[in-house]
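These notes concern the structure reproduced below.
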Amino acid sequence: GIAGIGLCFIEENDRRMRQRLAAEFAAIDDAERARKPWTRAEHEAWGQAPALWAGKVLRAERGLLEGPLMLRGARAGDLVEVSADGVGPDGAYVYVRNVASGAAGMYPKGWIDKTIDTTRKQPPGQ
């Protein structure tokens, strides 16, 4: 009767919802696979580029940023030079060089306090 019709309606709605979600997840997976990975040449270019600005590391979490492209061994308070801004997933990273150690890699943009803008020229005598 009516309960059977209601149950069929609910099952059909669930089936359509699962199909829609599966299609959305497949589209997300396809977009991730199509995204161009960062090449070694890009990393080398970032490492050789002049500093855009300098800053201090605000946050350092051991074991969290251990990927091969990440700046490793940073400590809070370390001075870093940023040579590329808005890189990595969603543009949320900067490419930095640790001034003291010379180590370089990507680091979360929000974990660096921008202290010195090197793109602006200082007037003479300052």
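Miscellaneous remarks
- Yes/no for residue 46 being surrounded by 10 or more Cβ atoms within 10 Å (Cβ to Cβ) and either modelled with pLDDT under 75 or not in a helix (DSSP H, G or I) (or both): no
- Every condition in (1) surrounded by 10 or more Cβ atoms within 10 Å (Cβ to Cβ); (2) modelled with pLDDT under 80; (3) assigned to a helix (DSSP H, G or I) is met by residue 38 except one, and the failing one is (3).
- Taking the conditions (1) of a type outside the set (D, E, K, R); (2) farther than 15 Å from residue 105 by Cα; (3) at pLDDT 85 or above in turn, residue 83 satisfies each one other than (2).
- Hey, residue 101 part of a loop (DSSP other than H, G, I, E, B) and among the polar types (S, T, N, Q) or not: yes
- Scan the stretch 73-92 for residues that are part of a loop (DSSP other than H, G, I, E, B) and either hydroxyl-bearing (Ser, Thr, Tyr) or over 15 Å from the mean Cα position of the chain (by Cα) (or both) and the total you get is 6.
The values are calculated or read from the model by the stated rules, or taken from the named source; none is laboratory data. Small disclaimer: the values here were computed from a predicted structure and weren't measured. Virtual Cβ from ideal backbone geometry, glycine too; neighbours counted across all protein chains shown.
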